[in-house]
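The values are calculated or read from the model by the stated rules, or taken from the named source; none is laboratory data. This structure is a prediction, so every number in the text was calculated from the model and none was measured. FYI the Cβ positions are ideal-geometry reconstructions off the backbone, even for glycines, and counts take in every protein chain you see.
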Amino acid sequence: MNIFSDLLLATPKPKAKAEAKQRRGIEIKSEREIEIMRQSSKIVATVLKEIQNLVEPGMTTADLDAHAEKRIREMGATPSFKGYHGFPASICSSINNEVVHGIPSSKKVIRAGDVLKVDTGAFFQGFHGDSCITIAVGQVSEKAAHLIEVAETSLYKGIAQVKAGAYLLDLAGAIQDYVEANGCTVVEDFTGHGVGRNLHEEPSVFNFRTRELPNVKLREGMVLAIEPIINQGSKAVKILGDKWTAVTLDRSLSAQFEHTVLVTSDGYEILTDRDLV
């Protein structure tokens, strides 16, 4: 089971049984719970904004992980990812053709021209926030810049569909249509998810049209982690021997953006909005 982005048709590992039981059904958050999630999400947004400003060639992904853990704890939270089903770090750091769930390492040096994905979460007073950004390190190629722009814009195309009464496939279709119209592909092995007391809750939030699961109607108080993951080439991916890192099968570049989003009566609220920190 992929535990940071839902993996389609996956079976929970034994360690995940308790959480899998808690995930049954879609939770509607109360005003008190939403306010806590605003705080956990603000911590995540703050850390990602700091990392975006901090990154420079010559640093290692372990440097970024150390900064993220330090800052999350300084703000009174704990890293959502560290120790989660054995994951060893506080961020996922995936470079270039690494799609998701890259493990930070002191041996992995960040270089000019890299496409760097940084995903992190914070657990604060019983609730998680979750977000991901893709960073162009220094001067990147025109194709890489295009991929990053398409990935980020596709996220907002999907978020724009969010409101009570809309359906999950409304946002999935908006993401897919934009990505494909701009010459890229949507990775179908991973999806977004609900988020709250658990890092991963129902429903699965697809980035492409599918009949795999019911087309859930959105309700006020639902909180979703929306996270399009797109490739420059083929959508096909594989998992490396570390059992975590996913890479593109054709070695093409990959980009990802994610926000924790609250469904409101007439629209949405981006809880992990970095412009507000």
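Remarks
- Among the residues making up the stretch 9-68, those that are at pLDDT below 95 and in a helix (DSSP H, G or I) are 14, 15, 16, 17, 18, 19, 20, 21, 22.
- When the criteria are applied in full, residue 131 meets the requirement of being within 21 Å of residue 274 (Cα to Cα) and touching a Ser or Thr at 6+ places or on another chain (Cβ under 6 Å).
- Picking from residues in the stretch 185-243 that are crowded, with 16+ Cβ neighbours inside 10 Å, acidic (Asp, Glu) and closer than 29 Å to residue 34 by Cα, the one that is farthest from the chain's Cα centre (by Cα) is 202.
- Residues satisfying the stated conditions in the stretch 148-157, i.e. surrounded by 19 or more Cβ atoms within 10 Å (Cβ to Cβ) and closer than 13 Å to residue 115 by Cα: 148, 151
- One residue stands out in the stretch 174-197 among those that are out of contact with any Phe, Trp or Tyr (no Cβ under 8 Å at 6 or more places or on another chain) and assigned to a helix (DSSP H, G or I): the one that is farthest from residue 120 (Cα to Cα), namely 181.
- Checking 85, 67 one by one, the residue that is over 30 Å from residue 217 (Cβ atoms) and in contact with an Asp or Glu (Cβ under 8 Å, 6 or more places away or on another chain) is 67 and no other.
- Residue match in the stretch 233-252 (condition: in contact (Cβ under 8 Å) with a residue 24 or more places away in the chain, in contact with a Leu (Cβ under 7 Å, 6 or more places away or on another chain), farther than 21 Å from residue 27 by Cβ and among the acidic types (Asp, Glu)): no
- Residue 145 touching a strand residue (DSSP E or B) at 6+ places or on another chain (Cβ under 7 Å) and surrounded by fewer than 19 Cβ atoms within 10 Å (Cβ to Cβ): yes
- Residues in the stretch 244-274 that are of a type in the set (Asp, Glu) and within 27 Å of residue 141 (Cβ to Cβ) were compared, and the one that is nearest to the chain's Cα centre (by Cα) is 258.
- Residue match in the stretch 142-157 (condition: among the hydrophobic types (A, V, I, L, M, F, W, C) and closer than 24 Å to residue 218 by Cβ): yes
- Any hit, the stretch 245-255, residues being hydrophobic (A, V, I, L, M, F, W, C) and under 20 Å from residue 33 (Cα atoms): no
- Leading residue by the ranking (surrounded by the most Cβ atoms within 10 Å (Cβ to Cβ)) among those in the stretch 132-142 that are of a type outside the set (D, E, K, R) and under 21 Å from residue 183 (Cβ atoms): 134
- Count - residues of the stretch 69-84 that are within 21 Å of residue 243 (Cβ to Cβ) and in a helix (DSSP H, G or I): 1
- Residue within the stretch 114-131 that is surrounded by fewer than 18 Cβ atoms within 10 Å (Cβ to Cβ) and hydrophobic (A, V, I, L, M, F, W, C) present: no
- Count - residues of the stretch 131-161 that are among the β-branched types (Val, Ile, Thr), in contact (Cβ under 8 Å) with a residue 40 or more places away in the chain and either in contact with a Lys or Arg (Cβ under 7 Å, 6 or more places away or on another chain) or in a loop (DSSP other than H, G, I, E, B) (or both): 2
Every residue, every condition in (1) of a type in the set (Val, Ile, Thr); (2) surrounded by fewer than 23 Cβ atoms within 10 Å (Cβ to Cβ), yes or no:
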{"position": "37", "(1), (2)": "no, no"}
{"position": "47", "(1), (2)": "yes, no"}
{"position": "54", "(1), (2)": "no, yes"}
{"position": "57", "(1), (2)": "no, yes"}
{"position": "68", "(1), (2)": "no, no"}
{"position": "72", "(1), (2)": "yes, no"}
{"position": "87", "(1), (2)": "no, yes"}
{"position": "93", "(1), (2)": "no, no"}
{"position": "105", "(1), (2)": "no, yes"}
